[in-house]
Amino acid sequence: MKKNILIAALIFLGTLNSQAQLLRLGAKAGINYANLTGTDITVNSENYKSDAITSYHIGLLAEIKLTEKFGIQPELLYSTQGASYKSATKEFKNELGYLAIPVMAKIYLNNTFSLELGPQASFLLSEKDNVNIEDSKTFDFAVAGGLGVKITKGIFVQARYGLGLTEVSTNSKAKNSVVQVSAGFMF
């Protein structure tokens with residue numbers, strides 16, 4: 001039985017090696033410029049205006065090239081988003097940590113540039129805030145789009161905008177909005 005498993009594993013690895021151009025794995029990290037849309041709030045009769053925060057994202061990705069001009073890029077990212085709130089007298093920050101799973105369709109414009117567009121499902125892992133914002137939803141759905149640039153065969157940069165389609169809390173109409181700029185390496 002062990003011999004059969006070993007033979008199957010070797011055949012599988014040989015197949016992956018011969019198809020190396022079709023599947024590439026990588027890692028990336030970068031900065032987020034995030035805000036919550038529709039987020040002006042009132043706490044104890046005091047009005048707060050929302051402002052964007054700068055945060056980060058980091059994760060793994062796979063690039064599956066289906067044709068010469070088209071591919072799919074699923075990712076697994078930890079991404080922090082949220083907003084800061086200011087009134088005349090006070091300021092606080094609400095930071096939401098998500099496990100984000102974007103699945104981007106990649107259209108290769110040439111050997112250097114690619115357009116990316118696709119859905120993103122995110123699961124809330126943590127919430128850091130200076131005020132109790134109750135009933136945060138644990139699931140967020142968004143659409144994302146952007147541009148990828150291959151610097152070398154292994155190094156790339158990406159710029160992407162993600163627009164939340166679901167509300168982050170049951171008590172507000174706030175939705176995530178994030179601009180991401182990242183750099184990464186394909187193995």
Counting only residues 5 or more apart in sequence or on a different chain, those whose built amide H sits under 5 Å from that of Lys90 are none
Name the residues whose placed amide hydrogens come within less than 5 Å of the amide hydrogen of Ala174, ignoring near sequence neighbours (fewer than 5 apart) on the same chain. Val168, Ser169
Using a Cα-Cα cut-off of under 20 Å, which lysines could be cross-linked to Lys173, ignoring same-chain neighbours fewer than 8 residues away? Lys49, Lys86, Lys93, Lys128, Lys137
Residue-wise, which Karplus ³J(HN,Hα) couplings in Hz belong to segment 97-102, taking 6.51 cos²θ - 1.76 cosθ + 1.60, θ = phi - 60°, and x for glycine or proline? x, 10, 8, 9, 10, x
Table column - 3J(HN,Hα) (Hz), segment 181-186, Karplus curve with 6.51, -1.76, 1.60, x for Gly and Pro: 10, 9, 10, x, 9, 9
Using DSSP to call loops (not H, G, I, E or B), can you name the trypsin sites (Lys or Arg not before Pro) in segment 87-127 whose Cβ has at most 13 other Cβ atoms within 10 angstrom? Lys90
Hey, any idea what % of segment 140-187's accessible area is carbon plus sulfur with a 1.4 Å probe? 74
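The values are calculated or read from the model by the stated rules, or taken from the named source; none is laboratory data. Keep in mind the model is a prediction, meaning the values are calculated, not measured. Positions of Cβ are backbone-derived with ideal geometry, glycine not excepted, and every protein chain shown enters the neighbour counts. Just the protein is used for accessible areas: all its heavy atoms, side chains included, with ligands, DNA and RNA removed. Shrake-Rupley method; radii C 1.70, N 1.55, O 1.52, S 1.80 Å.
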